[in-house]
1. Determine the gain in length on full extension of the stretch R163-E267; use 0.36 nm per residue of separation and subtract their C-alpha separation, reporting nm with one decimal.
2. If a/c stays under 1.5 just call it rounded; otherwise compare a/b with b/c (prolate if a/b is bigger, oblate if not). Do that for region 62-182, with a ≥ b ≥ c from the square roots of the Cα gyration tensor eigenvalues.
3. In region 160-298, if every C-alpha pair distance is counted and binned at 5 Å from zero, what percent goes to each bin?
4. For a quick check: sort D246, D176, D104, D234 by the number of other beta carbons within 10 angstrom, fewest at the front.
5. Ordered by packing density, taken as the mean number of other Cβ atoms within 10 Å over each peptide's residues, highest first, how do 137-147, 153-163 rank?
Amino acid sequence: MKTNFRNASLFLGALVLSTMLSCSNDEESTLDSQDEVLSVIDQQPSAKEGDCGYVDGNWSSTASLYTSLPNSGSTRNSSLITSQNSAIASFWGRSAPTFRFVRDLSNPTSTFNAISYSNGKIYFGEEIFKWAYNRDSSNLINVMILAHEYGHQLQYAYGLPSRNESTARSAELEADGFAGYYLRRGYGKSTFASIATAYNAAYAIGDYSTSSPGHHGTPPQRKSAVRLGFLFADPQNSKLSASNFDYYFFYYYNGVLNGTYRMAQPEGIAPEFHTFMMAHMEELRKIASGEMSDEDYINLR
Ligand SMILES: [Zn+2]
C-alpha cells in the first residue's frame, strides 16, 4: 500500500479513547499482497490467541482494535458504519462479520486501509474513515468502502468469484459490483449521481493502480462494474442472491470486456431482465472502454 495522506496530525489532540479490545495475535500468518488500499486478506484463524496490543501483520505494531471511534471531528457518526456492517450482511441473508476499527495514535497514517479477512472479519482503519468523512460527511464513501469489503466476505462464503483470472481483477470488479448493488437496493440510493461521486472518491485513493499493472482492472472497468451492480439493482428487477449476482455479473461483464455486448439471452436469466440489460449494454461498453467522460458517467440515470 502506498499512501499520500496529508493530514495525519489533525484531531489527535481531541480524541477520546474508546474501549480497547483484546485482540488475537496472528503472528506468522501467511498473507497475500498488501499493495492496495482496500485489501482482501486470505487469512485463516490463528491457533494462538495473544495479548492485546498487536493486531496482525497487516497493521503497524502499535495499532489496536476498537469497537467504536470517538464521536467528534472527522470520526463523527462512525456508528453508522458499525450498524451498516450488520445491515449489509442482513441484506445478503447472512449474519454480520466481526467488525473492528483499527487505531494507532503513534502512527496514525498506518491505519489508512480497510481489510476483509477470509475468517469473517473486517478491519477498518481510522485514517481511511476520516479521509472519507472529510469528503462526504454523510459517510456514503465509508458505506461504499464497507459494502465493497463485505463483497469479499460474500466471495469467501460462496466460493466466488466464479470467474478466475491470474490477478485479483475479477474479485475486485465483482466487489465493486456488489457495492453498487447494495447502495441502490439496500441503502436506498435511487440515483446514480451520489453513488458515482462516492465511488470516484473512494477509488481515487493512493496510487495503487500504477504499482501492479492490470492487477485490479482499469479505472474504466471498475466504473463499469459499479454501474453494472447499480443496474442489476433497478427496482423492476427481482432481488438477486449473491450466487445469482455472480452468475449475472460475469455473463454481462464478459460481454462488456470483450465488446460482444449483443448477447443471446442466457439460460437462467429472466427475459425481462435480459431486455433491460441489453438496453444498457452500449452505455456499459462506453464506460469500460473509457469513451465516457466522468461528467457523463456521474449524470447517468
Ligand atoms: Zn477489494
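1. Numbers: separation 104, 0.36 × 104 = 37.44 nm, distance 1.72 nm.
Full-extension gain reported as 35.7 nm.
2. prolate
3. So the P(r) values, bin by bin, are 2, 10, 21, 25, 23, 13, 5, 1, 0.
4. D234, D104, D246, D176
5. The densest-packed peptide leads the list: 137-147, 153-163.
Each reported figure results from applying straightforward, stated rules to the coordinates on display, with no laboratory input. The model shown is predicted, which means the values in this text are computed figures rather than measured ones. Cβ coordinates were reconstructed from backbone atoms using ideal geometry, including for glycine residues, and neighbour counts include every protein chain displayed.
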